[in-house]
1. Scan the range 313-330 and tell me whether some residue there is part of a helix (DSSP H, G or I), β-branched (V, I, T) and touching a residue at least 40 places away in the same chain (Cβ under 8 Å).
2. Within the range 309-326, is even one residue within 16 Å of S57 (Cα to Cα) and within 20 Å of the chain's Cα centre (by Cα)?
3. Does R211 fit the bill of being surrounded by 17 or more Cβ atoms within 10 Å (Cβ to Cβ), among the charged types (D, E, K, R) and either assigned to a loop (DSSP other than H, G, I, E, B) or modelled with pLDDT under 95 (or both)?
4. Could you identify the single residue in D93, D104 that is open to solvent by 20 Å² or more (accessible area, probe 1.4 Å) and under 15 Å from G129 (Cβ atoms)?
5. Which count do you get for residues in the range 122-131 that are open to solvent by less than 20 Å² (accessible area, probe 1.4 Å) and within 15 Å of T162 (Cα to Cα)?
6. I'd like to know if the range 82-94 contains one or more residues that are touching a residue at least 60 places away in the same chain (Cβ under 8 Å) and out of contact with any strand residue (DSSP E or B) (no Cβ under 7 Å at 6 or more places or on another chain).
7. Evaluate the following for K285: is it exposed (fewer than 15 other Cβ atoms within 10 Å of the Cβ) and without any contact (Cβ under 8 Å) to a residue 40 or more places away in the chain?
8. Which residues, counting only those in the range 141-155, are part of a loop (DSSP other than H, G, I, E, B) and either at pLDDT 95 or above or crowded, with 16+ Cβ neighbours inside 10 Å (or both)?
Amino acid sequence: MLKLFLLNLVLSIIPQLCLSLKDGSVQIPVTDSYLTPTTILAIGPDTDQTYLRVLLSTASSETWVPSVDCNPLFTWCRQHRHYNYKESNTYVDSHRNFTTHFLDHVLTGRVTSDRVELGEEVILDFEFGEAISSHRDFTYSEHDGVVGLGPKKTCTTGTPLTVRLLNAGLDDAVFSFSFSSDDKGSLVIGEVQHDKYTGNIVWSKIVSEERWQITSDSLRIGSSTLCGAECVTEFNTEIEMIIGPTDQVEQIYKLLDAREIPGVTIRSVECAKVDSFPDLTFSVKGHQLTITSEDYVERSEVVHKVELCFLMITAVEEEVDDRWIMGTLAHKAVYVVYDFGRNQVGLAEAA
C-alpha cells in the first residue's frame, strides 16, 4: 500500500515526467507479416524488460497481455509469452479486475500498472489487463496481447492509450496506419500523414460509441449494388479480411466464380482472371473509394511455381447487422484516419 501511495503522490506532482511527447506526435513501427498490424510492447524496468508482440486493434479500447498466472489448461495461455509481475520492480497492483471481449471470447483478469515502452515513448504508470482466465478455451494468432485503439474513452483495463497520449500533449487527436510492400509500416498518433494519400479526405461521424463504424452511401462491385443507402461500414484492424453479410457476399462469389475450399472460410479464384475482376467501391458523402482486385485477392506461390489465388472477401456465419467490416487489407487501398477527438473517420485513396 505504501508503494502505491508514494507512486500516486509522485504522479500527481510531476505528471509530465510520466509521459512527455517530443514533438506532438508518436510514431510506432508495425509489421503486418501476420496480416494484422503488430508491434513490440516492452514492459518493466529498462534493465529487465519483458518483450511481447501485441496487436494494434481498432476493434477495442482495452489493452491486455497474458499473465504468468493464467491457467495453463487454456491453449491461449500455453502458446503465448507472458507478463510476469513478480520479476518487475516497477509493477503496481491496481486492485481492480477486468473483463474484455476478444474474437468472440471473454477474457478476465486483474488490472496492473507498470513501466511500458511503445516505439520511442515511455509511459511510467501505464495500466493494462493481465489475462488470467476465459469462459472457454480458444486459440489466436502469433501476437501475444492487444493494445486497444477503439473510440471508447473508458475501459475496464484503465485509461486507453490514445487518451493518455492526448493528455500528454498530442498535436491532434488522430491516428492512422501506413503499410509498405515489405510487410512493414507505421502507426502515427497525433497527426495526419499527408504523404500517404491522394486527393481529399472525406470525413464521416461514427455511429457507434465502441466501434469505428460510419454510414456509407452505397457499396458496389463493378456495376452490381451490394448495399444501397445507409450501409454501415466498420474499420477494424483486428481482422485481415473484408467481411460482409452472407447474401451480399454470395453475389460476389457468383460474379467472380469463387470456389469453396474444404475446411476453410475463404474461397479460391482463377489467377488468370484476377486482373479482369471489377473494383469493390464504397461511397461516403458522394466520395468514391476503390478497392481493386489486386487488394482483395491474395496471390500465393506454392511448390514448383504453382500460383494459387484466394478471395479475401468472406461472409460470417452469424448475422453482423448488415455491416461491412473493412479489415487490414482494405487499409492498404484506402487511407483511414481515426479521429478520436471528434469521433469521426477520415477516408482517402491511399498513395
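1. Just the residues of the range 313-330 that are part of a helix (DSSP H, G or I), to begin with: 328-330.
Cutting the leftovers down to β-branched (V, I, T) gives us 328.
If we keep only those that are touching a residue at least 40 places away in the same chain (Cβ under 8 Å) as well, we get 328.
Within the range 313-330 (the criterion being part of a helix (DSSP H, G or I), β-branched (V, I, T) and touching a residue at least 40 places away in the same chain (Cβ under 8 Å)), the answer is yes, since at least one residue qualifies.
2. Looking only at the range 309-326, we keep the residues that are within 16 Å of S57 (Cα to Cα), and these are 325-326.
Checking the rest, the ones that are also within 20 Å of the chain's Cα centre (by Cα) come to 325-326.
Yes, the range 309-326 has at least one match.
3. yes
4. On the way: D104 fails: under 15 Å from G129 (Cβ atoms).
Within the list D93, D104, the selection yields D93.
5. Qualifying residue count for the region: 3.
6. no
7. Details: exposed (fewer than 15 other Cβ atoms within 10 Å of the Cβ): yes; without any contact (Cβ under 8 Å) to a residue 40 or more places away in the chain: no.
Here the answer is no, as K285 does not meet what is asked.
8. Hits for the range 141-155 are H143, D144, L149, G150, P151, K152, C155.
The values are calculated or read from the model by the stated rules, or taken from the named source; none is laboratory data. Note that the structure is a prediction, hence the values are computed from the model and not measured. Don't worry about glycine lacking a Cβ; one is built from the backbone with ideal geometry, like all the others, and counts go over all protein chains shown. Note: accessible area is taken over every heavy atom of the protein model, side chains too, but ligands, DNA and RNA are not part of it. Shrake-Rupley method; radii C 1.70, N 1.55, O 1.52, S 1.80 Å.
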